[in-house]
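Inspection log for the structure reproduced underneath, given as structure tokens.
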Amino acid sequence: MKYQAEITAASASPEDLEDLYQAAHKSGEEELFKAALEGCFNNAPDNLLFAAWHYRLKTQDQMTIGGEKSSHNWKLAIPLSILTGLVFWVLSDENLIYLDQVPYLLLLWAPIATIFTLIFLTLSRRKNYLYALFTGIALLAASIYVLLITPSLSPENQSHYLLLMAIHLPLLCWIALGISILWFGSEYKNRFSFLIKSIEVMITAGVYLIVGVAFGAITVGMFQALNITLPEVLMRLIAAGGAGLIPVIAVASVYDPTREPISQDFSQGLSKFITTMMRLLLPLTLVVLAIYVCVMPFYFLAPFENRDVLIVYNLMLFAIMGLLIGVTPLKVQDIPTRIQDLLRKGILAVAILAVFVSLYALSATAYRTFLGGITINRLTIIGWNIINTAILVLIIFRLLRNPRERWSDSLQSTFSLGTNGYLVWTLFIILAIPILF
């Protein structure tokens, strides 16, 4: 971890440690210094200098949370969200259908929303302009590539590829946002903090969507009560235009662009609620998985015969990944030791059971591929299954191998490493599959 070696070298020199902290503060890496200091303190709790810094930084964080407010740049977020909504509204025209198969809006909503979000983040923090430009151009190039190469596929493969793009272009956009904020080679704690904040943004967007749907339904119902039928163009403005307002607003609501992901506030509000909710779901998930593993032998051939069962299994894997990320603590020292132990054992048990289900699904997919040959969908599922299984196996290995004091760090590092696999396989699906098929 960055700064850990330097802090260890300054373990007996208050002056050198203060100089190191000031240098980290000036370079905007104060949170990385704090994380490294906590690691050194956990490794050497008897070191009086580390102990003094531990309590100094802890008090400083409490004062910051109590005295500072996040910077919500609504003056920029609201106009950009309105522009996003207007673009969604234009693309929602029923005549704008790509290859007579999928609406342009369904295919391109994520790149459009991401580009406006990139503009919001970059202008708000006033730095990393080249990062944002690079990721924006890359997203634009990927979208154009999809539109240009799809007509070269057979009609059957066109439909399969477009369905995959409706799923994987949003995933690529999420990864692109992370790259624009952190760039390559970022610290695993910073990357993991981005993952946690991403879950918060998605849940916030879901809440906004529910409220928006309710508002739209009430608005339409009020006019229908007067026997007034709103024209189609206004209905699209309410539905598609309203949905377009959400992405930038959701990011602006819970993410402070002026701070690094690791410096965001995770201690209160929606962040605390999500963490609590995820940890309550962990034992329930464990019970469901345990029951399911016991029932599997009685329905052993179901995934071998029914592709829908395989799809459910793979969706389950992604849900478990999100759950394990959500329950992993950013600062393990903030949790009582007894709760830490239960949480660690719960994560380990869920990962072990999930591996059983994942290998079972992978064998069923391999069997269907052996009988029917490789297809776009089967190749995609096999790849995701292997990546998620590898992450789960690495989680199990590191939880069993690492000391209990470092288990949270090992999980954060594993999930951060897993994002590399997600990026590579997403790019492979978007760029290589049309060439292979």
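The figures follow:
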| read-out | value |
| --- | --- |
| Selection within region 244-269 - over 15 Å from the mean Cα position of the chain (by Cα), surrounded by 15 or more Cβ atoms within 10 Å (Cβ to Cβ) and in a helix (DSSP H, G or I) | 244, 245, 246, 248, 249, 252, 253, 263 |
| Residue within region 294-316 that is in contact with a Leu (Cβ under 8 Å, 6 or more places away or on another chain) and more than 30 Å from residue 126 (Cα to Cα) present | yes |
| Criterion: touching a helix residue (DSSP H, G or I) at 6+ places or on another chain (Cβ under 9 Å), under 20 Å from residue 39 (Cα atoms) and β-branched (Val, Ile, Thr) - qualifying residue of 357, 332, 350 | 332 |
| Counted residues, region 99-136 - those being over 15 Å from residue 240 (Cα atoms) and in a helix (DSSP H, G or I) | 21 |
| Residues being of a type in the set (Phe, Trp, Tyr) and in contact with a Pro (Cβ under 8 Å, 6 or more places away or on another chain) - total across region 279-333 | 1 |
| Candidate set: region 144-156, residues that are crowded, with 17+ Cβ neighbours inside 10 Å and outside any loop (DSSP other than H, G, I, E, B); chosen: the one nearest to the chain's Cα centre (by Cα) | 146 |
| Odd one out for residue 253, checked against (1) in contact with a His (Cβ under 9 Å, 6 or more places away or on another chain); (2) modelled with pLDDT under 85; (3) not hydrophobic (A, V, I, L, M, F, W, C) | (2) |
| Selection count where residues are in contact with a Ser or Thr (Cβ under 8 Å, 6 or more places away or on another chain) and in contact (Cβ under 8 Å) with a residue 60 or more places away in the chain, scope region 123-164 | 6 |
| Conditions (1) crowded, with 18+ Cβ neighbours inside 10 Å; (2) of a type in the set (S, T, N, Q); (3) assigned to a helix (DSSP H, G or I); number of the one not met by residue 219 | (1) |
| Region 387-432 - residue that is more than 16 Å from the chain's Cα centre (by Cα) and hydroxyl-bearing (Ser, Thr, Tyr) and, of those, surrounded by the most Cβ atoms within 10 Å (Cβ to Cβ) | 408 |
| Single residue of 248, 211, 220 found to be modelled with pLDDT of 90 or more, in contact with a helix residue (DSSP H, G or I) (Cβ under 9 Å, 6 or more places away or on another chain) and either outside the structural domain of residue 58 (by TED's automatic domain parsing) or over 17 Å from residue 412 (Cα atoms) (or both) | 248 |
| Residue ID - modelled with the highest pLDDT, chosen from residues in region 357-386 that are surrounded by 15 or more Cβ atoms within 10 Å (Cβ to Cβ) and among the aromatic types (Phe, Trp, Tyr) | 384 |
| Options 317, 330, 353, 324; residue that is on the phi < 0 side of the Ramachandran plot, in contact with a Phe, Trp or Tyr (Cβ under 9 Å, 6 or more places away or on another chain) and outside any helix (DSSP H, G or I) | 330 |
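The values are calculated or read from the model by the stated rules, or taken from the named source; none is laboratory data. Please read all numbers here as calculations on a predicted model, not as lab measurements. Backbone-built Cβ (ideal geometry, glycine too); neighbour counts: all protein chains shown.
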